[in-house]
Amino acid sequence: MRHRAGSIMAPILLVLLLLAGWELAVVVFDTPAYILPAPTAIVATFFAQFTTLLHHAVITLAEIVLGLALGALAGFALALAVLYSPLLDRALYPLIIASQMIPVFAIAPLLIVWMGFGLWPKATVAALIGFFPIVVNASDGLRAPNEASIELLRSMGASKGQILLKLRVPSSLPTLFAGLKVATTLCVVGATIGEWVGASRGLGYLMLQSNALLRVDLVFAAILMLSLLGLLLFGGLRIIESRALRWRRADRDVAS
């Protein structure tokens, strides 16, 4: 219990220490608010503009969730494809890796031209950024079962589909959730980039507009709201993961 409390308090104390140093530096050096506002000013702006921030946050959240869903579907489908086809494994994997070398900023304007200024181009940018850790982790997880377990199921008459559902998918869940958690944070970045390139709503759009008006306090308030969205999604995924992996903890308890 003490260890758990310490693991929670340590990052909180570190953040409070950094914020106190930030506040002190702004006061001591008399830094203008349009260059670097104090944390207290940012928090005040956050609550004063909460309705506006929430309005834009709902749009960004929809883009993130849709992008994560698209990335997860594409990533798992590609993982299945390379699992069952050695030819596709050799052909697709280098292309998947090479796709990560392309700057997203180079693709985002094209997506805006092709798909317009709505929800889909931002979600697509998020999916393009987020699908890579999913496909890599899902591919590794689906290959995790040893050949002895696979041969045992085959000897019992199990089909490829049954082996997939009864053995490969359950075995892949830990690594798959690890990829999803990484992808969640990347999708937050991807949705924001999409809004920077072309949008009329969303937290990324609000950041650009506030920056143009030298409302740096509102820029930081939007960043704070974006961080809270990321933490909310990450925490929700952790809850889903813990429930999905109860079978794993039960197996460990039986083994011990």
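We did not get these values from a lab; they are worked out from the coordinates using the rules stated. Predicted model, so just to flag it, every value in this text is computed and none were measured. Methodologically, a virtual Cβ is constructed for each residue, glycine included, from the backbone with ideal geometry; neighbour enumeration extends over all protein chains shown.
Going through region 182-237 one residue at a time, which ones are closer than 21 Å to Val113 by Cβ and among the polar types (S, T, N, Q)? Explain how you work it out, then say what you get.
Keep residues of region 182-237 that are closer than 21 Å to Val113 by Cβ, which gives 190-202, 204-205, 208.
Of everything in region 182-237, those that are closer than 21 Å to Val113 by Cβ and among the polar types (S, T, N, Q) turn out to be Thr192, Ser200.
With the condition kept exactly as written, say whether any residue in region 115-127 is surrounded by fewer than 18 Cβ atoms within 10 Å (Cβ to Cβ) and of a type in the set (Gly, Ala, Ser). Yes: one or more hits. Note on region 17-45: residues that are out of contact with any helix residue (DSSP H, G or I) (no Cβ under 6 Å at 6 or more places or on another chain) and either assigned to a helix (DSSP H, G or I) or farther than 19 Å from Asn211 by Cβ (or both) total 14. I'd like to check something: does region 74-86 contain any residue that is surrounded by 12 or more Cβ atoms within 10 Å (Cβ to Cβ), out of contact with any Ser or Thr (no Cβ under 8 Å at 6 or more places or on another chain) and in a loop (DSSP other than H, G, I, E, B)? Yes; the residues of region 74-86 include at least one that is surrounded by 12 or more Cβ atoms within 10 Å (Cβ to Cβ), out of contact with any Ser or Thr (no Cβ under 8 Å at 6 or more places or on another chain) and in a loop (DSSP other than H, G, I, E, B).
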